[in-house]
Amino acid sequence: MINVAGYVKLPHPRTSGDLSLEETILNRRSRRNYQTSSLSPSEVSQILWAAYGLKEPERGRRYSGKSNRTSPSAGAIFPLEIYLMAGDIIDIPSGLYHYIPDEHALKLIHDKDLRKDLYRLAYPREMIRVAPASLIYIAIESRVLERYGERGRQRYIPMDIGHSAQNVYLQAEALGLGTCAVGAFDDEGLIQVLGLTAEEIPMYIMPVGYPV
């Protein structure tokens, strides 16, 4: 599925499902034990779309660029970037990918399965090693500092992550999957393993898989 430019075009996300919102809220919980079953491209597509994807224009309404997202953001700045650690996804080779919302696609960053490294750096948590995939949230602080200063860094970035992560929890539940937000890890080690730049701050790891 990777083209010559290193991109994986994800399946188009669904906008209706089998469970009601009320049922997903009722059933939502942090699920830490996963089966070894592979994820499908459509499941990964749905999770990433719910996290930070673009919505379709509705009834002729026009949206301006980044304001048309599935998750709200202070000032429509969207200071987050989401990386996907793919370990066992059907038709998507193992590796580290950057999610590109405007194209609903993944761009290959590193062609190595880094789950054991994530596991080691998260003090260690078995669920990260076992899960077929993990979302990694990165914050670009300069995006909010320019407009909101320290208030943006201290308040608005954590708010944005909370909005997006809850979408992931609910979408996972609706798909029969499980996830758990992890905020405790070796920051410097993760920056080095992922090859992040100085302005990219790791904030969250969210493993995703079929719960036991």
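A few points about this structure:
- The set of residues from the range 79-92 being in a loop (DSSP other than H, G, I, E, B) and open to solvent by 10 Å² or more (accessible area, probe 1.4 Å) comprises Gly87, Asp88, Ile90, Asp91.
- Residues satisfying the stated conditions in the range 38-69, i.e. at pLDDT below 95 and of a type in the set (S, T, N, Q): Ser64, Ser67, Asn68
- Of all residues in the range 72-123, those being without any contact (Cβ under 8 Å) to a residue 24 or more places away in the chain and among the hydroxyl-bearing types (Ser, Thr, Tyr) number 2.
- Flag for Ile191 being open to solvent by less than 50 Å² (accessible area, probe 1.4 Å), free of Cβ contacts under 8 Å to residues at least 12 places away in the same chain and not basic (Lys, Arg): yes
- Count of residues meeting criterion [buried (at least 16 other Cβ atoms within 10 Å of the Cβ) and assigned to a helix (DSSP H, G or I)] in the range 28-59: 11
- Residue that is nearest to Ala174 (Cα to Cα) [pool: residues in the range 1-27 that are among the β-branched types (Val, Ile, Thr) and surrounded by 14 or more Cβ atoms within 10 Å (Cβ to Cβ)]: Thr24
- Against the numbered list (1) of a type in the set (Val, Ile, Thr); (2) surrounded by 19 or more Cβ atoms within 10 Å (Cβ to Cβ); (3) modelled with pLDDT under 95, Thr197 comes up short only at (2).
- Exactly one residue among Leu170, Leu135, Leu106, Leu145 is open to solvent by 10 Å² or more (accessible area, probe 1.4 Å), at pLDDT 95 or above and out of contact with any Pro (no Cβ under 6 Å at 6 or more places or on another chain), and that residue is Leu170.
- Within the range 6-42, restricting attention to residues that are free of Cβ contacts under 8 Å to residues at least 24 places away in the same chain and farther than 30 Å from Arg125 by Cα, the residue that is nearest to the chain's Cα centre (by Cα) is Ser16.
- Condition met for Ile157 (buried (at least 20 other Cβ atoms within 10 Å of the Cβ), of a type in the set (A, V, I, L, M, F, W, C), touching a strand residue (DSSP E or B) at 6+ places or on another chain (Cβ under 7 Å) and more than 22 Å from Gln35 (Cβ to Cβ)): yes
- In the range 112-123, the residues that are open to solvent by 70 Å² or more (accessible area, probe 1.4 Å) and of a type outside the set (Lys, Arg): Tyr123
The values are calculated or read from the model by the stated rules, or taken from the named source; none is laboratory data. This is a predicted model, so every value here is computed, not measured. Virtual Cβ from ideal backbone geometry, glycine too; neighbours counted across all protein chains shown. All accessible areas refer to the heavy atoms of the entire protein, side chains included, with ligands and DNA or RNA removed. Shrake-Rupley method; radii C 1.70, N 1.55, O 1.52, S 1.80 Å.
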